[in-house]
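The values are calculated or read from the model by the stated rules, or taken from the named source; none is laboratory data. Small disclaimer: the values here were computed from a predicted structure and weren't measured. Cβ: placed from backbone, ideal geometry, glycine included. Neighbour counts: every protein chain shown. Side chains are part of the model used for accessible areas, which takes the heavy atoms of the whole protein and leaves out ligands, DNA and RNA. Shrake-Rupley method; radii C 1.70, N 1.55, O 1.52, S 1.80 Å.
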Amino acid sequence: MNPILEDLLINDTDKLPLDSENQLNDCGFQNTQNPLFQEIKKLFFAFGSGDSTFNFSPDIELIDLIKTHVAKNGLVNYKNSINCFKSFIPNYEHLPASGLNFVHVRIFDPISGMDFKNLNDFKIKVNGDNIFTSKNKYPTSSSSNHYQIPVDISEAIFKSSVGKNITISVKFPKNKQGIVIIQLVKFISPERIISGKVRRYKFSTTKETDDDDKLVNNTKISLLCPITKQNINVPAKFKKCDHDQCFDLRTYYIRGIITRNWKCPICKKSNYTSDLFVDRYFFNFICSRH
């Protein structure tokens with residue numbers, strides 16, 4: 001067991017601040033950051049256990065930032081993250097604008113190395129109002145995916161910011177212990193992520209090794225994405241996968257948004273999206289056909 005985690009779990013204190021972000025990242029927190037949200041800043045983080053309650057009050061600069069983004073982009077972009085992602089492949093009209101700022105609450109389980117899958121037992125409030133109610137429950141999942149849906153409280157901050165100070169509170173249930181983190185993040189569109197990966201891996205259409213001949217002669221690779229059965233435009237796979245077959249990178253990201261399934265669509269292994277890469281040979285082959 002991680003010695004930092006062991007110290008936290010055996011400590012008698014019901015809530016214990018962590019000394020640094022390095023301690024938090026050593027528990028594996030950074031690896032499970034939702035791939036579409038880039039962290040700008042950790043506003044608050046601390047270890048908690050049964051019945052411990054944390055309170056955090058954002059400064060006026062953060063409140064003004066959220067209000068400014070709402071004024072520019074409209075409140076529709078600040079609904080709970082799951083509601084932003086109801087579009088279907090390849091319709092992107094309901095996705096937030098790239099670069100839009102959100103305030104997220106994550107509750108990380110350092111034992112499993114992932115965020116808690118069911119947050120309905122945690123009482124998360126903004127100015128005393130529950131984020132989760134009987135009509136608005138956190139969408140639970142039995143999947144072993146690395147990435148869970150973060151709790152977006154941006155809309156609640158905006159609605160509570162008129163003439164009031166804001167207090168964000170998180171209360172742990174009796175049988176849970178973990179780390180609560182409040183983050184300022186920005187949304188990164190799938191297109192921006194994909195273009196970055198393509199720029200990184202794109203290279204000349206000339207064959208470079210004998211492995212290319214082996215791939216052509218001995219392996220059958222479909223040009224159709226296994227997710228949609230449509231043509232692959234940006235072929236990708238994970239570094240740890242053993243298969244040669246690729247899937248379409250854009251389709252993979254949209255599927256992840258909609259279904260919360262970030263596993264490899266071919267071998268079904270759980271992987272981190274940081275290990276995704278554009279297959280150079282496959283990419284050049286597709287380019288040569290156009």
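Compare the peptides 48-60, 252-264 by average per-residue count of other Cβ atoms within 10 angstrom and give them in order, highest first. Walk me through the numbers before you get to the answer.
Values: 48-60: 15.4, 252-264: 20.0.
Packing order, densest peptide first, comes out as 252-264, 48-60.
Fully extended, how many nm does the chain gain between SER274 and ILE60 (0.36 nm per residue separation, minus their Cα-Cα distance)? Show your work: numbers first, answer last.
On the way: separation 214, 0.36 × 214 = 77.04 nm, distance 3.40 nm.
Separation in residues times 0.36 nm, less the Cα-Cα distance, equals 73.6 nm.
Students often get this wrong, so check it: of LYS135/LYS239; LYS123/LYS268; LYS42/LYS174; LYS159/LYS268; LYS117/LYS159; LYS137/LYS239, which have C-alpha atoms separated by over 30 Å? Before the final figure, lay out the partial values.
Details: LYS135/LYS239 41 Å; LYS123/LYS268 34 Å; LYS42/LYS174 25 Å; LYS159/LYS268 41 Å; LYS117/LYS159 27 Å; LYS137/LYS239 36 Å.
Pairs exceeding 30 Å: LYS135/LYS239; LYS123/LYS268; LYS159/LYS268; LYS137/LYS239.
If SER195, SER274 are ordered by their accessible area, calculated over protein heavy atoms with a 1.4 Å probe, which sequence runs from highest to lowest? Provide the component values of the computation, followed by the final result.
Details: SER195 45, SER274 85 Å².
Most to least solvent-accessible, the answer reads SER274, SER195.
Taking a threshold of 29 Å on the Cα-Cα distance, which of the pairs LYS176/LYS263; LYS41/LYS176; LYS125/LYS263 fall above it? Walk me through the numbers before you get to the answer.
Numbers: LYS176/LYS263 27 Å; LYS41/LYS176 26 Å; LYS125/LYS263 32 Å.
Table pairs above 29 Å Cα-Cα are LYS125/LYS263.
Convex hull over the Cα atoms of region 152-200, averaged projected area in nm²? Intermediate values should be presented prior to the final figure.
On the way: hull surface 25.0 nm².
Directional mean of the projected Cα hull area for region 152-200 stands at 6.2 nm².
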